[in-house]
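Worksheet: the structure to be examined is printed underneath.
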Amino acid sequence: MPVTGFVTPSTDTWREAELAGFLLPEQQTDIHEQGWLKMLAPRAAGGAELPLPEVVRLEERIAATDGSLGWVVTLCAGAGWFAGFLPPALAHDIMATPGVCLAGSGAPTGFADADGDDFVLSGRWDYASGAPMATHFTLNAVLRARGEVLRDEQGKPRIRAFVVPARYVALEASWQAIGLRASASHAYRLDGTRIPASHGFTIDAAHATADGPLYRFPFMALAYVTLAANLLGMATHFLALAEPLIAARRQHGSGVPLGEVPSVAVRLAAAREALATHRAALYEVLDRAWADVVRHAVADEAGLQRVSLQLVDTCRRTVDCLYPYCGLQAARDDVPINRVWRDFHTATQHALLLPD
């Protein structure tokens, strides 16, 4: 299963995907042929079960070529990781689905009503990246029994994760963001769908059904580092596209006062150094955390969150600092740098990445 290569998309491809509002069939074919959506799923279920540091570096590279492509791969491969917490037979059946793709949402905006050995699911969930190509959807739901919300010892509603086949899901074309347009992060709805209790799962190492360090790795830490890698890829792409625009404006004196020229060069150099420094910090902490989990020690979850958010903040400041020097060319929505700028700023609005 090839899971380390990728092809840089042409300008025509990303433009067509943006206009279509979803990844093109040839892009979807490439994703499946590369095996990217199975790279975090257990080997026993038919996945690749790659080491997390390898996956994160790959996701960074994909996002550096195309934001929507990187976002869908990251979110859907992340949902594939949940197969390590499902009953093994169910996980195997799901991963054996032709063109398997798990999409979903983390917000508990629906209900799961216990009914014998089944649950009845109802609700609406937002932002399922890759929704049009999904074969299954994951979701979080508030548990109820006889119409009453079940609560834990602290009095909080009990939440459980579920996976359901796409045939039960009604999609709503709700994705109208300025960027990541081809991610097709639409809403979806379930209206009284009955599923077996075996389709519910708990995302916690103590409840993993697959062996291996990947399923002992803390979920929130995994989420932070994979999202941060996407922002890093997009910011790196933006910087690469910004440099020639800025250089051309400096060369022709189009709008940048002479007194500002040295400061622009300094800003570019500082941006490159800052991204490199924070990228190195992210992977240093990630590699160490992975090594800890491999030897059955506890990962530095707080450290991973900290370096991830620091990296995202650096990426924000880099993009926002350089954009004003790029000129009107960067404001055209049919050119690559504008698309990368829009993709980047849309991705920064993910709930986990918002400033306090």
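Which residues, taken from the range 215-229, are open to solvent by 10 Å² or more (accessible area, probe 1.4 Å) and outside any helix (DSSP H, G or I)? The answer is Arg216, Pro218. When restricted to residues that are more than 19 Å from the chain's Cα centre (by Cα) and open to solvent by 30 Å² or more (accessible area, probe 1.4 Å), the range 202-214 contains 9. Against the conditions (1) at pLDDT 95 or above; (2) farther than 14 Å from Leu69 by Cα; (3) not in a loop (DSSP other than H, G, I, E, B), Asp12 satisfies every one except (1). Once the range 85-144 is narrowed to residues that are of a type in the set (Val, Ile, Thr) and over 22 Å from the mean Cα position of the chain (by Cα), the residue that is nearest to Val169 (Cα to Cα) is Val120. Of the residues making up the range 127-135, at least one is open to solvent by less than 20 Å² (accessible area, probe 1.4 Å), out of contact with any helix residue (DSSP H, G or I) (no Cβ under 7 Å at 6 or more places or on another chain), not aromatic (Phe, Trp, Tyr) and not in a strand (DSSP E or B). Scanning the range 92-112 for residues that are part of a loop (DSSP other than H, G, I, E, B), of a type outside the set (S, T, N, Q) and open to solvent by 60 Å² or more (accessible area, probe 1.4 Å) yields Ala96, Pro98, Pro108. Taking the criterion of being part of a loop (DSSP other than H, G, I, E, B) and more than 26 Å from Asp343 (Cβ to Cβ), the residues of the range 276-332 that qualify are Arg295, His296, Ala297, Val298, Ala299, Asp300. Within the group Arg339, Arg316, which residue is within 21 Å of Leu69 (Cβ to Cβ), surrounded by 15 or more Cβ atoms within 10 Å (Cβ to Cβ), in contact with a helix residue (DSSP H, G or I) (Cβ under 9 Å, 6 or more places away or on another chain) and among the charged types (D, E, K, R)? Within the list Arg339, Arg316, the selection yields Arg339. Filtering Pro2, Pro25 for residues that are open to solvent by 30 Å² or more (accessible area, probe 1.4 Å) and modelled with pLDDT of 95 or more leaves a single hit, Pro25.
The values are calculated or read from the model by the stated rules, or taken from the named source; none is laboratory data. Being a predicted model, the structure only gives us computed values, none of them experimental. Because the Cβ atoms are built from the backbone with ideal geometry, glycine has one as well, and the counts that use them run over all protein chains shown. Note: accessible area is taken over every heavy atom of the protein model, side chains too, but ligands, DNA and RNA are not part of it. Shrake-Rupley method; radii C 1.70, N 1.55, O 1.52, S 1.80 Å.
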